[in-house]
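Step one of this worksheet: look at the structure below.
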Amino acid sequence: MEGKVAIVSGGARGIGRACSERLAQAGADVVVNYLKDERAAREVYTAVGSAGRKAILVRADVSTVEGAERVSAATLEVFGRADVLVCNAGLWRGAPVEGMSEALWDEVIDVNLKGTWALCRAFVPTMKQAGYGRIVVISSTAGQRGEAFYSNYAASKGGQISFVKSLAVELAPHGINVNAVAPGWVDTEMTADALSGAEARRVAEAAIPIGRVATADDIALPVLFLCSEWAKHINGEVLNVNGGSVLCG
Ligand code: NAD
């Protein structure tokens with residue numbers, strides 16, 4: 001990844017942080033987008049520096065076109081290029097369908113699905129100009145088999161997959177590969193409450209053929225693979241990184 005510039009949305013914690021750090025270790029400079037937690041973002045800044053690469057921190061709400069364009073403008077101002085885009089920022093909040101407020105439906109769709117579009121919209125012109133790009137969208141098992149009581153989340157994650165397949169064909173003539181990674185349960189702040197009880201964890205693990213909940217790094221390494229030249233012929237793929245749980249949920 002040497003000489004490459006990678007952008008990671010929601011890159012200050014969880015899966016995003018692991019992606020930021022692995023991309024830096026592989027030689028990329030990293031644009032770390034974050035929403036609120038500046039302290040966490042500074043830790044990632046330091047980690048990228050320790051890997052011998054340069055990071056910039058861009059505070060922006062990527063669920064809006066304005067926020068996504070702010071990330072793109074900062075990237076081009078500092079680095080003048082954008083090779084890799086990891087659309088990772090996400091929210092997992094649900095409710096029974098009849099009790100779901102319009103605000104909750106919109107919030108989750110806006111961050112997960114509209115935000116993915118807004119980021120691609122902001123970065124694709126630069127990638128097209130360069131004739132090169134790697135876009136990886138962090139989807140979910142929920143986007144393939146649904147998720148009861150999180151229909152908004154599942155719809156956003158399924159939408160990301162159709163979006164990825166559309167862009168994979170649309171952008172291939174411009175040297176841009178677009179793929180999705182689909183985790184199942186991962187130990188991050190997103191799932192900390194849901195997995196906090198011993199019984200909840202046991203039930204989650206029982207639904208994963210491999211028998212363990214993933215770490216953020218378990219997801220970041222396959223993301224790095226998709227961004228690398230080893231994956232240059234992979235386009236429009238959904239890489240399931242969930243210990244096989246997508247097969248039996
Ligand atoms: P997380 O909550 O630790 O991280 C999500 C990140 O997105 C946070 O840094 C948050 O600040 C950021 N974010 C949220 N809204 C934003 C916005 N409007 N603008 C910019 N940043 C925003 O959770 P995570 O587990 O690391 O999740 C990362 C991705 O992985 C998400 O897309 C999630 O849906 C997906 N995923 C997670 C799991 C899991 O079990 N943790 C499973 C499947 C998919």
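The values are calculated or read from the model by the stated rules, or taken from the named source; none is laboratory data. Computed from a predicted model, the values in this text were never measured in an experiment. Using ideal geometry, Cβ is built from the backbone for each residue, glycine included, and neighbour counts are taken over all protein chains shown. Side chains are part of the model used for accessible areas, which takes the heavy atoms of the whole protein and leaves out ligands, DNA and RNA. Shrake-Rupley method; radii C 1.70, N 1.55, O 1.52, S 1.80 Å.
Being among the hydrophobic types (A, V, I, L, M, F, W, C) and open to solvent by less than 30 Å² (accessible area, probe 1.4 Å) is the filter; apply it to the range 112-129 and report the residue that is farthest from the ligand (Cβ to nearest atom). Across the range 112-129, the extreme among qualifying residues is 127. Pairing each residue of the range 130-150 that is within 15 Å of the ligand (Cβ to nearest atom) with any residue that is open to solvent by 40 Å² or more (accessible area, probe 1.4 Å) and charged (D, E, K, R), provided the two are 6+ apart or on different chains, yields C-beta distances under 9 Å for 140/147; 141/147; 150/93. For residue 81, the requirement of being open to solvent by 10 Å² or more (accessible area, probe 1.4 Å), in contact (Cβ under 8 Å) with a residue 60 or more places away in the chain, more than 11 Å from the ligand (Cβ to nearest atom) and in contact with a Ser or Thr (Cβ under 9 Å, 6 or more places away or on another chain) is met. Within the range 184-203, is even one residue within 16 Å of the ligand (Cβ to nearest atom), touching a residue at least 12 places away in the same chain (Cβ under 8 Å), surrounded by fewer than 13 Cβ atoms within 10 Å (Cβ to Cβ) and closer than 27 Å to residue 40 by Cα? Checked the range 184-203: at least one residue is within 16 Å of the ligand (Cβ to nearest atom), touching a residue at least 12 places away in the same chain (Cβ under 8 Å), surrounded by fewer than 13 Cβ atoms within 10 Å (Cβ to Cβ) and closer than 27 Å to residue 40 by Cα. Picking from residues in the range 156-171 that are charged (D, E, K, R) and closer than 11 Å to residue 137 by Cβ, the one that is surrounded by the fewest Cβ atoms within 10 Å (Cβ to Cβ) is 165. Screening residue 208 with (1) out of contact with any Asp or Glu (no Cβ under 9 Å at 6 or more places or on another chain); (2) open to solvent by 30 Å² or more (accessible area, probe 1.4 Å) gives one miss only, at (2). Examine the range 59-70 for a residue that is surrounded by fewer than 18 Cβ atoms within 10 Å (Cβ to Cβ), in contact (Cβ under 8 Å) with a residue 40 or more places away in the chain and among the hydroxyl-bearing types (Ser, Thr, Tyr), and state whether such a residue exists. Scanning the range 59-70, I find at least one residue that is surrounded by fewer than 18 Cβ atoms within 10 Å (Cβ to Cβ), in contact (Cβ under 8 Å) with a residue 40 or more places away in the chain and among the hydroxyl-bearing types (Ser, Thr, Tyr), so the answer is yes. Selection of the range 1-18 for residues being more than 9 Å from the ligand (Cβ to nearest atom) and either crowded, with 24+ Cβ neighbours inside 10 Å or aromatic (Phe, Trp, Tyr) (or both) yields 5, 6, 7, 8.
Please verify whether the range 186-205 includes one or more residues that are of a type outside the set (A, V, I, L, M, F, W, C) and in contact with a Ser or Thr (Cβ under 7 Å, 6 or more places away or on another chain). Yes, some residue in the range 186-205 is of a type outside the set (A, V, I, L, M, F, W, C) and in contact with a Ser or Thr (Cβ under 7 Å, 6 or more places away or on another chain).
The rows are residues; the columns are (1) closer than 18 Å to residue 75 by Cβ; (2) not in a helix (DSSP H, G or I).
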{"position": "115", "(1), (2)": "yes, no"}
{"position": "119", "(1), (2)": "yes, no"}
{"position": "128", "(1), (2)": "yes, no"}
{"position": "135", "(1), (2)": "yes, yes"}
{"position": "155", "(1), (2)": "no, no"}
{"position": "163", "(1), (2)": "no, no"}
{"position": "167", "(1), (2)": "no, no"}
{"position": "173", "(1), (2)": "no, no"}
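Residue pairs whose Cβ atoms lie under 8 Å apart, separated by 6 or more positions or on different chains, with the first residue in the range 30-52 and over 21 Å from residue 82 (Cα atoms) and the second within 7 Å of the ligand (Cβ to nearest atom) and of a type in the set (Gly, Ala, Ser), are 37/12; 40/12; 43/12. One residue stands out in the range 219-233 among those that are in contact (Cβ under 8 Å) with a residue 24 or more places away in the chain and open to solvent by 50 Å² or more (accessible area, probe 1.4 Å): the one that is farthest from residue 165 (Cα to Cα), namely 221.
Within the range 48-63, does at least one residue satisfy the condition of being over 16 Å from residue 120 (Cβ atoms) and of a type in the set (Ser, Thr, Tyr)? Yes - at least one qualifying residue is present in the range 48-63. Per the listing 47, 103, the residue uniquely within 16 Å of the ligand (Cβ to nearest atom), under 17 Å from residue 115 (Cβ atoms) and not β-branched (Val, Ile, Thr) is 103. Among the conditions (1) farther than 21 Å from residue 229 by Cα; (2) open to solvent by less than 30 Å² (accessible area, probe 1.4 Å); (3) not in a helix (DSSP H, G or I), the only one that residue 91 does not satisfy is (2).
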